[in-house]
Amino acid sequence: MNDNNPGTDTEAISDVSPAKALFYGNIVKPLIWPFPLSNPETEEMLQMVLDSVDRFLEGREDEFRKWDEIGAQPEDFIQDLRELGLFGLIIPEEYGGIGLSNSAYSRVLQQCSRYDSSVSLTIGAHSSIGLKGVLLFGTDAQKQKYLPDLASGDKIAAFCLTEAGSGSDAASIKANAVKKPGGGWILNGEKIWITNGGIGNFFTVFARTDGDSGKLSAFIIERDFAGVSSGPKEDKLGIRASSTTTVNFSDVEIPEENLLGAEGKGFMIAMAILNNGRTGLGGGSVGGMKTCIALAAKQAKERKQFGQSISEFGMIKQKISAMTVDCFAAESVVRMVGHYIDSGHSDYSVEAAISKVFASEAMSRTANEALQIAAGNGYMKEFPYELIMRDSRILTIFEGTSEILRLFIALSGMKGPGTLLRDLQSAADDIFNNPIKGFGLMSDYAGRKITQITSLGNERIVGAVSDELRDDALIFEKYSLELARMTDVLLRRHGKAIANRQFALKRIADVVIDLFVGLTVLSRVSSMDADGSDQYQQAVSIAHIFSQKAKRRMNQNLRAMLRNEDESAKSLADAVFEAESYLWDVL
Ligand SMILES: Cc1cc2nc3c(=O)[nH]c(=O)nc-3n(C[C@H](O)[C@H](O)[C@H](O)COP(=O)(O)OP(=O)(O)OC[C@H]3O[C@@H](n4cnc5c(N)ncnc54)[C@H](O)[C@@H]3O)c2cc1C
């Protein structure tokens, strides 16, 4: 099963992407229900790590503020991170690490981000992306050689992909590694904006291995190799205490054994690392949101205007409830993706992208609203809001911008139905020349269309939720079919050219994000004890609020697919590009 339109072949369920299946109108219930909860053993270990994070970071706001101003974390703080084992979170115990699962690791980064994003980033860039290549693609010898030092933090890792001319278009990098006749490579190039670039001494570096038009390969480079240097620290808007620098490679000799994974597979390796690391950033976003909610709730209760606490005002309540729903939803989708990774699921790239886009944007909304609730106080450096806002601004930019990930979500999802449609169209002749083959294709396609239209054969999820959530479940069932219908319409209308219809792709991506995130929310609330407690009833309300808002957004996105102002918007943008200014000044 690889087209992600699963029938009854449960053996292949671990190959199915539940988000891609939504493009066929299918909700793959066994991949979303029951909601994944951690087991008691993991919980015990995780709780110990969380407690030590709390003990270590609590009450240090003034230091974090100072490090933000000077733009660096002091070496003795990095040493404390080492001693606490925070560089070894995801490295297996046999190599001296703590061996946390992806979900547990994401939860630890969440806890760190509740205190300070730069702390999370130093740890996260090391674990989520810097060393992940060794875990995923390293040979036994590479693991033996590097993982113990990476676990202790004697080696701090960085991920070196971006270059001056190559950001989102990662495949266009120019750094090159030329093969030496006797084995090994000579590396030249400059990487920019590398997190941990100044403090790292282990670099996962991507370079072109066979000429300018050649393929990318990944290498392990140590700082001690001759020709490796880093530039000065960048002066940034946020996450200022984390190290960001260029990393330069000048005639660096790479030993043969430092090739990471297969030669020529560097692009795939970079994408696999980024996909696998997305729950770190997602967890960090959730941690930041929890801090914003706590700060804003206290602030709103304490601040009195017009003779009453501002928490009494509807517009403030509306903000706090939206922040809470966003946080619950982000937490649910990040946990679900962590579970896919931990359970050995093979295709989770679209789900991981959804979790990154949703969690990072939810964090941006939350930071903005928390500052708005604090208003003038929020704008002052004396309060934490402006720092949180500056720190969170990066989240929708690095490890894949929101725009690039939306393109990826929409196009990856449409690929399966696109192939199906193309097969049907290219088989048009066969339908007459080779009726048996042609009929097979026709009936397969027709069957899937009927599945979409009637939802027969589609696993109903209404049965998996309590009565209270039935209407919410019906929304997601209905809109997954609407998504499939719209995918079909767009593919028929544009064929391959859909890849360039970005207005439409953005809307499709937003529908899928709402669908998949909403399903994880429903799954999570259904997994709770329906005990009538306040907490349960509030969770049901969260599900209702998310579903209703998602319904309005999905409806708007799908309607705008057929009636919109896209062409006017494009011409307007082109006019502004032409003039490079606003053209309608009024004196
Ligand atoms: C603080 C910081 C830390 C970083 N850490 C690292 C690191 O550790 N390692 C590393 O390798 N990199 C790192 N980066 C780089 C980061 O991953 C890139 O900034 C990011 O990938 C975007 O690239 P870019 O900034 O060049 O933007 P560009 O690619 O130039 O994009 C500019 C804008 O155009 C949009 N855009 C681009 N292409 C398309 C398209 N096809 N369709 C629609 N819109 C498009 C983008 O979404 C964006 O809004 C870091 C960056 C920062 C700022």
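Figures for the structure shown
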item	result
Qualifying positions in the range 296-331 - loosely packed, with under 13 Cβ neighbours inside 10 Å and not basic (Lys, Arg)	GLU302, GLN305, PHE306, GLY307, GLN308, GLY314, MET315, GLN318
Some residue of the range 101-116 being surrounded by fewer than 24 Cβ atoms within 10 Å (Cβ to Cβ) and free of Cβ contacts under 8 Å to residues at least 40 places away in the same chain	no
TYR385 surrounded by 22 or more Cβ atoms within 10 Å (Cβ to Cβ), over 18 Å from the mean Cα position of the chain (by Cα) and of a type outside the set (Gly, Ala, Ser)	yes
Filter result (farther than 15 Å from GLN110 by Cα and either in contact with a helix residue (DSSP H, G or I) (Cβ under 7 Å, 6 or more places away or on another chain) or surrounded by fewer than 11 Cβ atoms within 10 Å (Cβ to Cβ) (or both)) within the range 38-54	SER38, ASN39, PRO40, GLU41, THR42, GLU44
Residue ID - nearest to THR195 (Cα to Cα), chosen from residues in the range 162-176 that are open to solvent by 20 Å² or more (accessible area, probe 1.4 Å), in contact with a strand residue (DSSP E or B) (Cβ under 9 Å, 6 or more places away or on another chain) and within 11 Å of the ligand (Cβ to nearest atom)	THR162
Cβ pairs under 8 Å, 6+ apart, first in the range 267-283 and under 18 Å from ASP169 (Cα atoms), second at pLDDT below 95 and of a type in the set (Lys, Arg)	PHE267/LYS215
Hits in the range 536-587 (condition: more than 20 Å from ALA330 (Cβ to Cβ) and of a type in the set (Lys, Arg))	ARG559, ARG563, LYS570
Those residues of the range 393-406 which are in a helix (DSSP H, G or I) and within 6 Å of the ligand (Cβ to nearest atom), in sequence order	ILE394, GLU403, ILE404
Long-range neighbours under 8 Å by Cβ, at least six apart or interchain, first residue on the phi < 0 side of the Ramachandran plot within the range 469-491, second part of a helix (DSSP H, G or I) and among the acidic types (Asp, Glu)	TYR479/ASP514
Condition check for LYS191: more than 9 Å from the ligand (Cβ to nearest atom), over 13 Å from GLY266 (Cα atoms) and touching a strand residue (DSSP E or B) at 6+ places or on another chain (Cβ under 8 Å)	no
Positions within the range 234-258 being crowded, with 22+ Cβ neighbours inside 10 Å, more than 10 Å from the ligand (Cβ to nearest atom) and assigned to a loop (DSSP other than H, G, I, E, B), in sequence order	ALA241
Conditions (1) open to solvent by 10 Å² or more (accessible area, probe 1.4 Å); (2) within 16 Å of the ligand (Cβ to nearest atom); (3) out of contact with any helix residue (DSSP H, G or I) (no Cβ under 7 Å at 6 or more places or on another chain): number failed by ILE129	(3)
Which listed residue, of ALA539, ALA497, is among the aliphatic types (A, V, I, L, M), out of contact with any helix residue (DSSP H, G or I) (no Cβ under 7 Å at 6 or more places or on another chain) and open to solvent by less than 80 Å² (accessible area, probe 1.4 Å)	ALA497
Search result, residues across the range 517-537 that are in a helix (DSSP H, G or I) and over 12 Å from GLU468 (Cβ atoms)	VAL517, GLY518, LEU519, THR520, VAL521, SER523, ARG524, SER527, ASP534, GLN535
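The values are calculated or read from the model by the stated rules, or taken from the named source; none is laboratory data. All values reported here derive from a predicted model rather than from experimental measurement. No Cβ is skipped: glycine too gets one built from the backbone with ideal geometry, and neighbour counts run over all protein chains shown. Accessible surface is based on the protein model in full, side chains and every heavy atom, while ligands, DNA and RNA are left aside. Shrake-Rupley method; radii C 1.70, N 1.55, O 1.52, S 1.80 Å.
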